[in-house]
Structures are given as structure tokens and as C-alpha cells.
Amino acid sequence: MAIYHFSMKPIARSGGRSAVASAAYRAAVRLTNERDGLTHDFSNRTGVEHAEIVLPAGVRADWARKRSALWNAAESAEKRSDARIAREFEIALPHELTPDQRLVLTRAFALHLADRYGAAVDFAIHRPGEGSDIRNSHAHLMMTTREVTEAGLGDKTMLERENRWLLANHLPPSQLQLKELRQAWEHLANTHLERAGLDIRIDNRSHLEAGITIEPTEHVGVHATEINRQGGAVSRTRISPQSAERNAETIQRRPDEILKLITNEKSVFTRYDIARALHRYINDDPQTFQNAFAAVMASKALVELRPESTGLRGRDGEARYSTVEMVAIEGAIASNVMAMKARQNHGVFKRNVDAAIAEEDRSIQAGNPSPGQGLSAEQRHAIEHVTGPGQIAVVIGFAGAGKSTMLAAARHAWEAQGYRVHGAALAGKAAEGLEQSSGIASRTLASWEYSWQADRSRLNARDVFVIDEGGMVGSRQLARFVDEVKRAGAKLVLVGDHEQLQAIGAGAPFRAIAGAVGHAQLSEVRRQKADWQKQASIDFASHRTAAGLSAYVARGSVHLKTDRAETLKAIIADYVADRSAHPNDTRIAMAHRRDDVRAINAGIRARLQDRGELAKGSNPSGDKGEELSYQTSHGKRSFARGDRIVFLENDRDLAVKNGMLGEVIAVAPDAIQV
């Protein structure tokens, strides 16, 4: 089981601590504190897998990438004898990820901190020591308490401000910031677990918030671990003997609680998963462990889905289990969708369907006058399928296969029949995309649930409810929506690609629903025009990545370079050249590392400023206006008219969603108009 651990603590002189000494220990290097002349040499220390310093996007402060210069500057910036000179975040890394994947995840979170606070972040990944718990991969992230600039350390970060100052400036107080950081780590870690194809998740909620009485474990530092291993007395352990004993008693009485912990992360599991969960919450006494394991295996909440198979090797042959709750949830989904399939009361007149198809054909032909353009036969069939009389309909299609165009035509048909059409998606950006591409007014699933809890925006029999990217919705959440739509007598339309992304929560019901009620298939890629590009897109969507790339390589569309500087230079030049040659077209530059993203963005802005297409500095008399700097939650940023930006969170007051793109049309000292 992936373990959630996130802690934040200050490094302060009042506790006799030094930022230089802390950095030297965590990175296993030799550093001298120029303030007191003490040298801290930990270069012989083992167990440090990687150490690195990251800076905020757009900040050119190469001096801060040198560990000695950074932390001596932090020491020098503070004069008080009790000053706080650094913040340290400690996070448990999912041991299920590979070392490279853990590095990418940790770097991403370090960059999140750096961008949010405009600070430098020095992170070190520590691997488990010999004889210790193999799951104890963790990272230490030391963050400066002041913003990092090209000239040195500047103002205090938002995290170091007093709450009364933060509230007076309409900024979140420190406790709310910590809560947001805990949630950000959960989201980032779960995203990386999903990308790695792992059906496990972490949860930042406390056991109390999740309704679980098993006492949680506590992170044990390296010193306590080593002392305990040598037989010494420690005041802090993974779990205290008293807590472990109470947990063992709780599990004996209510073994379903350990199963609830497991199914928060995965809906199907093995005996090995049960053993790992027990090891986490009770002591290592063999008899205690066996008793607890026996209690869980005998629990009425446990369901065997598949018996052990001697014909398969290793864990492939292990028995598979779930819980009564998960089986009931997925059983309720199955029962509801079959009942909805049988209800044939949401049909649309043929004349309305034909009119909608004809209207969409005209729209497509107006945008592309080439002969033969219009809806494909697959899209026409899908429109007829979703506007059929059944209370539930499913459409599966590859990315670029025209699902949005199909939904736009279906919306016209539904509305002509007198239905109200609503859209929903897991992410705000996906909901925005659904609305823009199909015209269906859309919100996030969480927003819909919140409204229903407040008894607002209730559905009725004259509503059609469309869920986009249905393959990403987990069993528990989708069950609630299926039940709500069925209860209201509305129509449910699920759209997605079960090959593209697996469900974010436990369980993946989209595929099962599609198999149970039938579905329309969109397999012809419409976004690309050339046949070889269409096939390459299908290859990518079907996990035949090498074949897809080979098609582009064969046509000279992939350029490989070994030098980072030359690569970035080429990307910037090509982007600006394409912008000039095709000003009405769109383009995107992408990079894996945020350092490279920052460099590309800065390079493109610099080229546009040199060409006079973007303001540079204060230039109120220029026709491009002026460039102004602002303090944001992600550090200082400069903006000018013509800049393209991306919003990073939902804000109902501003009517923006996370991931939404915009263009700056005016800047003022106290506002940016987008």
C-alpha cells in the first residue's frame, strides 16, 4: 500500500539548528557555515539517492543552485538569534514507483513549492537503509523563507507572513496553506501513480475524517530507526506498542476497517496486500500478526473474486479479493444500468435527429469546403445511438475520433425535442473543453455533487446528463451519479475511451457498463487528415507507441538532438517562426522538466519582445503598452498585453477553471485583464 506522510516543520536558531548543517546532512555533502565558521561534513553518509536545487519559473538566479551559497545566504539574511531560516517538508514516496519515477514526482512537488512561494527548494531523496522497512523511501525538501532573486534573497515568502497580514491582504492563513499543500501532494502523487499504471492511491485525510478508528502510523526518522535497530530506547517509533496493541484489538473486533483502508486505494487486492496493510498498523509479534490476518481473512466483509491458481506463476496466480461494499457498489451500478437500459422513454423524433445531423454537416462544410466533408458514418450512428429511447447510452472512441462533434449534433436533437442538456467531467479543464466543443453547459462532477447536497440543480425526466471522460471516474463516484440520474428519471450518456486513462478512484466501471448495456464505437480518427497520421493516432491510443512514432520518424517529423541548449534554441526558433508564418493557427511547445518549460517560455517572450510584439519593461508610450510585475502565489511574475497564460485553479468569481487558457489584453498596477 502506498503510504501518505506529509509534514512541515521550521529550521530555526531557537532550536539550535542551522540551515547549512541541515542541508549538508540531507544531501550528504560537506558545507561550511560562514556565520559561525563550523564545517559540517556528511560526505561519507550513505542512503542519499539524489539531491537537487530547483528555482521558481522565470527566476534567473544561478547563484542559488550552489548549495553552499544558497544556505549561507539564508543564514546571512536573518539577524535574530531565534530566526526561522528554512522550512522543511518531509514526504513519504510511494515505494511502488521506480527510483526514476520517484525522482520525477519529487522534483515536480519541489517545483510546485518553488513556483507557489517564489523560493528556492533543495530536495534530497533518501532510500531505505539495510534492514529497514523497504517502503521507507522518502524525501526532504528544504525551502528558503525568503523569495529568491537574481541578486540574492528578498522578501519573506507568503508562508512566513503573520496570519493577520495574510487575512488583511485576502490571502490564505498558514493553516489553510498547509492544508492546500497536503492536498497538492496527494493529487500530484496520485497522478504519478496513475501514469505508472498502478491501481493504488494515497489519501491526505486523517483516519478520523475517513471514519476509521485504526490509529495511524507515525513517520520514524533515520536516527530513531538506527537506534531501535541496535536495541536502544527511542521515544518515537513507527507505531507505539500501545497503539499497535489497540489496533490489533480493533482489527480483531472490526476486521472490515483494514479492508476499508485497502479499498480506499484499490478495489481488487490479494492476501499480500492484506499482509502489508496489517504490518503497517500492528506490531511485529508473529502471533499477533497471525491472529489479525486470520480475523481479516474470516471477515464477512471479504469477498473472494478468484481462487488461487496453481497454473500461473508468482503473484499472477494469487487469489483476488474485494469487499462486500465494493461488490455492492459495483453490483448496484450493474443493477441500475440494466434497469435504465430497459426504460425506453427518452427517444428523439427522427426529424429532429435528421435536422441536427444536417445542421452539423453544414457547419463542418462551412469550416472545410473540401468535397465529401461532414459527419462520418460512425458519428451518424453514434448520434442515433445516444438519441435513442434508452435511459442510458455509452459511446467509446479514440482521442480525435470526433466525440465532441457528435455530441454537438446530439445536443441540437435533444434540445429540439425539449430536453435540457447538462455536461460533467472529473476535471475543470475537461468540463470547459466539453462545453466549448459541444455547446453543452458543463461543470465538474464535484460541483454537481455539491449542488445536489444543497438540494440545488436537481435533475428530472426532461434532462439529459452527459459525463465526458467516463473512463476516469471511479466506482464510488460513478455509482452516486448513476443512482441520482436513475432516481430523477433523466437520461445518462457516458462518453470516453477506456484505453486512454484508468479511473482515478478505486475501481474502473466504465468498461463494465459499456459491456453490459452496449455502446457506439468511434474508431475513425477525424482530427488528423492524412491516413498515416490517423493510423499513428490509433497506434498511440492503443499503446503501440513505437509504431506511432516510427510513422512520424519516417516522414522527417521527429528531430533528435543531444545538446539541451541547442534543442531549446531550436524549439524557440521554430515556435516564433511558425507564429509569424501562420498567425491564425495554434501551436504548442512542451517539455518534460519545468526548468526546460521555463527556459522555453522565457526564450519565446524574449524573442517577441525583441521583435516589438510584446512590451518589455515600463513603456507606457509604446503601442504594446507596458510590462508589469506582480506578486502571485507562485512567486513574482511579469505580464504584458499579448501574453498567453494558463489558470491553475477553479475560481467561480472569475468564471475560470483549472487549465483554462487566456490572453492578457491589458495590465494595470492592481489588475490584469484577460
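Farthest toward the dipole's positive end in the chain, which of T562, A151, I282, given Cβ charges of +1 (Lys, Arg) and -1 (Asp, Glu) about the Cα centre?
Toward the positive end, the furthest listed residue is A151.
Quick one: 3J(HN,Hα) in Hz for segment 75-81, Karplus 6.51/-1.76/1.60 with θ = phi - 60°, rounded, Gly and Pro as x.
5, 5, 6, 9, 9, 5, 6
Per-residue HN-Hα couplings for segment 473-484, Karplus 6.51 cos²θ - 1.76 cosθ + 1.60 at θ = phi - 60°, whole Hz, x for Gly and Pro?
8, x, 4, 4, 6, 5, 4, 5, 6, 4, 5, 5
Using a basic spin-label model with each label point 7 Å from the Cα along Cα→Cβ, how many nm lie between D585 and V324?
Here the modelled spin labels are 6.2 nm apart.
As a test, work out the antiparallel percent of DSSP beta bridges whose residues both lie in the chain, rounded to the nearest 5. Can you show the working numbers first?
Working: 49 of 69 bridges.
Around 70 percent antiparallel, to the nearest 5.
At 0.36 nm per residue, and after removing the present C-alpha to C-alpha distance, how many nm does the segment from L648 to T562 gain when stretched out fully? Can you show the working numbers first?
On the way: separation 86, 0.36 × 86 = 30.96 nm, distance 3.22 nm.
Stretched fully, the L648-T562 segment lengthens by 27.7 nm.
Would you work out the relative contact order for the chain, in percent, from Cα pairs under 8 angstrom that are 6 or more residues apart?
Details: 1157 pairs, mean separation 63.8, N = 674.
Relative contact order of the chain: 9 percent.
Add +1 for every Lys or Arg and -1 for every Asp or Glu among the other residues with Cβ under 10 Å from the Cβ of Y419, and state the total. Please list the in-between numbers first.
Working: positive: R411, R420, R462, K491; negative: E415, D463.
Combined, the nearby Lys, Arg, Asp and Glu give +2.
So what is the relative contact order for segment 333-428, in percent, with contacts set as C-alpha pairs under 8 Å and at least six apart?
Details: 91 pairs, mean separation 36.0, N = 96.
Taking the mean separation of contacting Cα pairs over the length of segment 333-428, I get 38 percent.
For a quick check: with amide H placed at 1.01 Å from N, whose amide H comes under 5 Å from G642's, ignoring anything fewer than 5 positions away on the same chain?
V664, I665
7 Å from Cα along Cα→Cβ at both S76 and R487: what's the point-to-point distance in nm?
6.5
Residues in segment 508-536, backbone N under 15 Å from the label point at A554 (7 Å along the Cα-to-beta-carbon vector): list them, ranges by number please.
The answer is 530-536, whose backbone nitrogens lie closer than 15 Å to the label point.
Among V464, G474, A427, pick out the residue whose Cα is farthest towards the positive end of the charge dipole of segment 399-513, where Lys and Arg carry +1 and Asp and Glu carry -1 on C-beta, about the Cα centre.
Among V464, G474, A427, the one farthest towards the positive end of the dipole of segment 399-513 is V464.
Nearest 0.05, what FRET efficiency do L38 and R462 give at R0 = 60 Å with Cβ-Cβ as r?
Numbers: r = 76 Å, r/R0 = 1.26.
Taking R0 as 60 Å, the efficiency between L38 and R462 is 0.20.
Any idea which of F109, A73, A86 is furthest toward the positive side of the dipole for segment 11-119, if Lys and Arg beta-carbons carry +1 and Asp and Glu beta-carbons -1?
Comparing the listed Cα positions along the dipole, A73 ranks first.
Under the rule of at least 5 residues apart or a separate chain, name every residue whose amide H is placed under 5 Å from the amide H of H40.
When sequence neighbours closer than 5 places are left aside, the close amide H contacts are L31, T32, N33.
If you wrap a convex hull around the alpha carbons of segment 6-195, what volume per residue comes out, as a whole number of Å³?
It is 129 Å³ per residue.
Please report, in debye to the nearest 20, how large the charge dipole of the chain is about its Cα centre when each Lys and Arg carries +1 at its beta carbon and each Asp and Glu carries -1 there.
Numbers: 90 positive and 84 negative charges, 46 e Å.
Once rounded to the nearest 20, the dipole reads 220 debye.
Once the other residues with Cβ under 9 Å from the Cβ of A119 are scored (Lys, Arg +1; Asp, Glu -1), what is the net sum? Each step should come with its number before you reach the end.
On the way: positive: R87, R116, R146; negative: E147.
Surrounding charge for A119 is +2.
Report, please, the projected area of segment 341-522 averaged over directions, based on the convex hull of its C-alpha atoms, in nm². Mind showing how you got there, number by number?
On the way: hull surface 39.1 nm².
The orientation-averaged projected area of the Cα hull of segment 341-522 comes to 9.8 nm².
Less than 14 Å Cβ to Cβ from N460, Lys/Arg counted +1 and Asp/Glu -1: what total charge do the surrounding residues give?
Values: positive: R420, R456, R458, R462, K486, R487, K491; negative: D455, D463, E484.
Net local charge, N460 excluded: +4.
Which semi-axes, in whole Å and largest first, does the equivalent ellipsoid of the chain have when worked out from the alpha carbon gyration tensor as the square roots of 5 times its eigenvalues?
On the way: eigenvalues 393, 292, 107 Å².
Semi-axes, largest first: 44, 38, 23 Å.
For segment 564-673, how big is Rg over Rh, using alpha carbon atoms and the Kirkwood form of Rh? Write out the running numbers ahead of the final one.
Details: Rg = 14.7 Å, Rh = 15.3 Å.
Ratio of gyration radius to Kirkwood radius for segment 564-673: 0.96.
Read-outs: derived from the displayed coordinates by stated rules, not from any lab. Computed from a predicted structure; not experimentally measured. Here the Cβ is made from the backbone with ideal geometry for all residues, glycine too, and neighbour counts use every protein chain on show.
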